[in-house]
Amino acid sequence: MSGYEHLARALAVCARDGFTGELRVSGTPGGTFHLGDGRVVAAESPGAPGPEALLLRSGRVSGEQWAELMRESGGSRWPATALIARGYAGAAQLRVVCAMALHDAVFAIAAGRVDDCERVPTFEPFAQVPVGEPPLGLLQGAARRLTALTELPHPVHPDRERPVPAPAPADTDTPLTVLRRELLAHADGRRTARDLAFRIGRGVYAVTVEVARMLGDGLLVCAEAPAPIPVRPFPEGHALRPREPAPVEPPPHPPSTPTALPRRKPGSFFRLRNGITR
């Protein structure tokens, strides 16, 4: 939560001013708050799947159908009208999906590092939640989620631990949920909770919490850190010494200067031809 206070102040100013536009948050993972009249109507972050990923995961629309909708809508970022007209989703379902993605993006931004915030006014905001939500209320909700994560027996950060299935899972009579089966199938020691969320098309907060619980239940373990490369000391009397510079060779001798030619006196050829000695 590095930079949380800076982000909170920037959002408070946007709410006070009734700002309409984008609040661009630089950092890791960073993201963008879209505001209309001081209320957050959408949020995006590379640290959390967007509503399109959640909708595709639901199975109501396929990847090919989504691509066709995007072409028909002229590149619209969120073709809600076309989704409803085609019967792929209802208006209520789209509101729920967009609200989930909004809260998840705010959580991802707050859980990371915030370096700076920049306001970019726009005439009409990119709105996925038309009514919008109070900025500070969203941020406080993300803070409560982060606090709940830290209080778990095995707290997990969305972009830190890289779990793998336990070699000998703990015996349990409780059947595995669909989410747990998906996480066991895709946890390979290279993916963080955020990576797993994108992989299976679920919210990053829900995946992070479930990874923490599965660590506590003995279903997952964190991959071991790579073993350090052994460094053998030099034998006694053979310590590392600086390389001695090569001897400097003397510069080559400059070439000898040629002697000057004798100067010819004017009229010498005329005197020789006429037998004149002087």
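Values in this text are rule-based calculations from the coordinates and carry no lab data. Keep in mind that what you see is a predicted model, and the values were worked out from it rather than measured. Don't worry about glycine lacking a Cβ; one is built from the backbone with ideal geometry, like all the others, and counts go over all protein chains shown.
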Between V164 and F123, the FRET efficiency computed from the C-beta separation at R0 = 51 Å comes out, to the nearest 0.05, as 0.55
Between L136 and R57, the FRET efficiency computed from the C-beta separation at R0 = 30 Å comes out, to the nearest 0.05, as 0.50
Between A85 and R9, what length in nm is gained on full extension when 0.36 nm per residue of separation is reduced by their alpha carbon distance? 23.3 nm
Semi-axis lengths, Å, segment 163-222, gyration tensor of Cα atoms, sqrt of 5 times eigenvalues: 18, 12, 9
What are the extents of the Cα atoms of segment 24-171 along their three principal axes, in Å, largest first? 49, 40, 23
If the label point sits 7 Å along Cα→Cβ of Q93, residues of segment 55-83 with amide N under 19 Å come out as 55-70, 78-83
Enumerate the calculated ³J(HN,Hα) couplings along segment 115-125 in order (Karplus 6.51 cos²θ - 1.76 cosθ + 1.60, θ = phi - 60°), each rounded to whole Hz, writing x wherever the residue is Gly or Pro. 8, 7, 10, 10, 8, 10, x, 9, 6, 9, x
Please report F126, F19 as a ranked list, fewest other C-beta atoms within 10 angstrom at the top and most at the bottom. F126, F19
Fully extended, how many nm does the chain gain between V178 and E68 (0.36 nm per residue separation, minus their Cα-Cα distance)? 36.7 nm
